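Here the structure comes first, spelled out in structure tokens, and everything after it is commentary.
Coordinate-derived values only; no laboratory data. Not measured: the values here are computed from a predicted model. Here Cβ is always computed from backbone atoms with ideal geometry, including for glycine, and neighbour counts include all displayed protein chains.
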Amino acid sequence: MEISRGLAIRILRYCHEHRDFYFPFRVVCKEFMPERQHNENFSDVEFEEWESVATDKKYETFELWENLQDLRKGTTELLAKGFLEKIRHGDTRMKKYIFYTTGGFTFQSNSNAIYPDVENCQILGWTKGYNPKKAFEFLKKECPWLCGSTFNEVIASELKSEKTYHFNLKN
């Protein structure tokens, strides 16, 4: 499995600093042995060589190869937990979603207008889920009033982060 240079360095360093941790994969690098022809051959990188890899930018093509030899109880438990989580939930990372609708109208404060002042979207809520459909189910449970509202079409957008930025129009 291909991995990034940064991840390869993190793995090598972690395994070097945690000698009692058994990592059931070999970190291999295509460019690691300069005397080799550059073809499909990869070389194992030892954990204690992490600093050399980190300082030399020519090492850039990394992969993880299985190394299931000395499986310890802790290792098999970690593997089992990862597989079970994948089977139970598919993608194991909960993502955050914002739900909104283009239905409804908005008037500015103190408006006397007959027609809405702003074309807008109504935010219905935020929630997390393994995918948009699961997150929508969570939203309906968290906000049961939504099902009784006059809104029909609901749009979900995944939020990359939960960072918020505040601005003033008058400054």
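Sequence-distant contacts, meaning Cα pairs under 8 Å at least 6 residues apart, place the relative contact order of the range 2-89 at 38 percent. Scanning the chain for trypsin sites (Lys or Arg not before Pro) that sit in a DSSP loop and have at most 15 other Cβ atoms within 10 Å, the longest stretch containing none of them is 94-159. Cβ-to-Cβ counts within 10 Å put PHE167, PHE105 in ascending order as PHE167, PHE105, the fewest first. Roughly how tilted is helix 132-142, in degrees to the nearest 10 and between 0 and 90, from the longest Cα axis of the chain? Once rounded, the angle reads 50 degrees. Computed from the Cα positions only, the extents of the range 18-171 along the three principal axes stand at 79, 41, 29 Å, in decreasing order. Please state the relative contact order of the chain as a whole percent: Cα pairs under 8 Å, 6+ residues apart? Contact order relative to length: 19 percent. Among the listed pairs LYS128/LYS160; LYS58/LYS160; LYS81/LYS141, those with a Cα-Cα distance over 21 Å are LYS58/LYS160; LYS81/LYS141. Scanning the chain for GluC sites (Glu not before Pro) in DSSP loops with at most 15 neighbouring Cβ atoms within 10 Å leaves 61-118 as the longest stretch between them.
Take the Cα of LYS141, step 7 Å toward its Cβ, do the same at LYS96, and the gap between the two points is 2.0 nm. Cβ crowding within 10 Å, taken as a proxy for footprinting-reagent exposure, orders ILE123, ILE155, ILE11 from fewest neighbours to most as ILE123, ILE155, ILE11.
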